[in-house]
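Novice: Once you've had a glance at the structure underneath, I'll fire off some questions.
Readers should treat all values here as calculations from the given coordinates under stated rules, not as data from a laboratory. All figures in this text were calculated on a predicted structure; none of them were measured in a lab. Cβ coordinates were reconstructed from backbone atoms using ideal geometry, including for glycine residues, and neighbour counts include every protein chain displayed.
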Amino acid sequence: MTGFAHFSGLFGESTDLLDRVHCETIASRSALHDWELAPHRHDRLHQFLFVEAGAGTVFFEGEGHPLTPPCLVNVPPGTVHAFVFQPGTQGFVVTLADEMLDFIYEGAQEIRLVLGQAACLPAGPAMAQGVQQIWREFNGLAPARDLVLRGLCSALLGQTARALLTQVQAPVNTASARHQLLQRLQALIESHFLAHWGVADYARALAISATHLTRCVKAATGQPVSHLIEARLLREARRQLTFTNKRLATISDELGFTDPAYFSRFFSRHMGLSPRAFRQRGG
């Protein structure tokens, strides 16, 4: 894959994401860049691309997959991806921010793991209708818009998870064991992230070596264990800053930081702006 120009701000990057859900047409941005979008990743956004007409190729970590309409592309956070579209390709891009995902996944973290697989899937009528409903609701001003969008996005996530479970093939023994390990790890992170457990603590609780845990998580997600741990802490920080009026020092203390200045450095390192600036911009 060659000839890509440098491009940033693709499909609703978090700094431009005014809603916790964003929806736009494929053409609205890709047409501005000769229908080719350079390799990039979103650390805190989950995206779906529904292609209803046209053609092209999606690249996950450099590996190409044809886009044969109607199809749905699942792009989980952290996945390096790129697109080459046939000019005139029609469809939609749905972007979900971490704050929205946390609401939807509450009590269903195993689905989050399933949807961590990048894939291009055939889109049945229910998927197509769901994306089109999200598009209409996002662009409307009807009462209870946010609540309806949350429900529609929940349905799309669930339909995609079902398709992944039935259509994405992987070596059964390896995939099953890895999936179970990730489920157990995710449950432990949910229980202990506020205690700032390290990789060795989680490995000990899982009765495996830290090296083995690191290898399995890297193979399954492409990320180190520390990334999963810090991502959960960061999501909670963003949730508190977005949905509560608590003082920054209170949030820092509740998140297990011994020093508000350390919390601010942690947040700024990952988000590129201070907790106070993040809250002000969200407001």
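Novice: Would you pull out the residues with amide H under 5 Å of residue 123's amide H, same chain only if 5 or more places away, H placed 1.01 Å from N?
Specialist: Correct list: 71, 72.
Novice: Tell me whether region 14-167 comes out rounded, prolate or oblate; compute the Cα gyration tensor, take square roots of the eigenvalues as a ≥ b ≥ c, and use a/c under 1.5 as the rounded threshold.
Specialist: Working: a/c = 1.44, a/b = 1.23, b/c = 1.16.
Since a/c stays below 1.5, the shape of region 14-167 is classed as rounded.
Novice: Ordered by packing density, taken as the mean number of other Cβ atoms within 10 Å over each peptide's residues, highest first, how do 150-161, 118-129 rank?
Specialist: On the way: 150-161: 19.7, 118-129: 16.8.
Averaged packing, sorted descending, gives the order 150-161, 118-129.
Novice: What are the ³J(HN,Hα) couplings of region 263-277, residue after residue, when phi is run through the Karplus curve with 6.51, -1.76, 1.60 and θ = phi - 60°? Round to Hz, x for glycine and proline.
Specialist: So the J values, rounded to whole Hz, are 4, 4, 5, 4, 5, 5, 5, 8, 9, x, 7, 6, x, 5, 5.
Novice: Take the chain, mark every one of the GluC sites (Glu not before Pro) that falls in a DSSP loop and has at most 12 other Cβ within 10 Å, then report the longest stretch left between them, sites excluded.
Specialist: Longest run free of exposed loop sites: 107-283.
Novice: Hey, how many Å between the Cα centroid of region 213-257 and the Cα centroid of region 121-153?
Specialist: Here the two parts' Cα centres lie 29 Å apart.
Novice: Please turn the phi angles of region 121-134 into ³J(HN,Hα) values with the Karplus equation 6.51 cos²θ - 1.76 cosθ + 1.60 (θ = phi - 60°), one per residue in order, whole Hz, x for glycine and proline.
Specialist: 3J(HN,Hα) across region 121-134, in whole Hz: 10, x, 9, x, x, 5, 4, 4, 5, x, 5, 5, 5, 4.
Novice: Given the Cα-Cα distance of residue 24 and residue 242 and 0.36 nm per residue of separation, how much length would full extension add, in nm?
Specialist: Result for the pair: 76.1 nm of gain on full extension.
Novice: In region 88-141, if the dipole is taken from +1 on Lys/Arg beta carbons and -1 on Asp/Glu beta carbons about the Cα centre, which of 97, 132, 116 is farthest to the positive end?
Specialist: Result: 132.
Novice: For residue 165 and residue 65, FRET efficiency with R0 = 25 Å and r from the beta-carbon atoms, rounded to 0.05?
Specialist: Details: r = 18 Å, r/R0 = 0.74.
The value I calculate is 0.85.
Novice: Among 30, 268, 191, which one shows the highest mean-square fluctuation when the chain is modelled as a Gaussian network with alpha-carbon springs under 10 Å?
Specialist: 191
Novice: Here's something else I'd like to know. Where nothing but the Cβ of Lys and Arg (+1) and of Asp and Glu (-1) is charged, how large is the charge dipole of region 14-167 around its Cα centre, in debye to the nearest 20?
Specialist: 300
Novice: Right, next: What is the packing order of peptides 85-97, 193-205, taking the mean over residues of other C-beta atoms within 10 Å and listing the highest first?
Specialist: So the peptides 85-97, 193-205, ranked by packing, come out 85-97, 193-205.
Novice: Just want to confirm a number: the relative contact order over the chain, from Cα pairs under 8 angstrom separated by 6+ residues, in percent.
Specialist: That works out to 14 percent.
Novice: From the phi angles alone, apply the Karplus equation (6.51, -1.76, 1.60; θ = phi - 60°) to region 183-195 and give each ³J(HN,Hα) in whole Hz, x where the residue is Gly or Pro.
Specialist: Using θ = phi - 60°, the values come out as 4, 5, 5, 4, 5, 5, 4, 4, 7, 10, 5, 6, 8 Hz.
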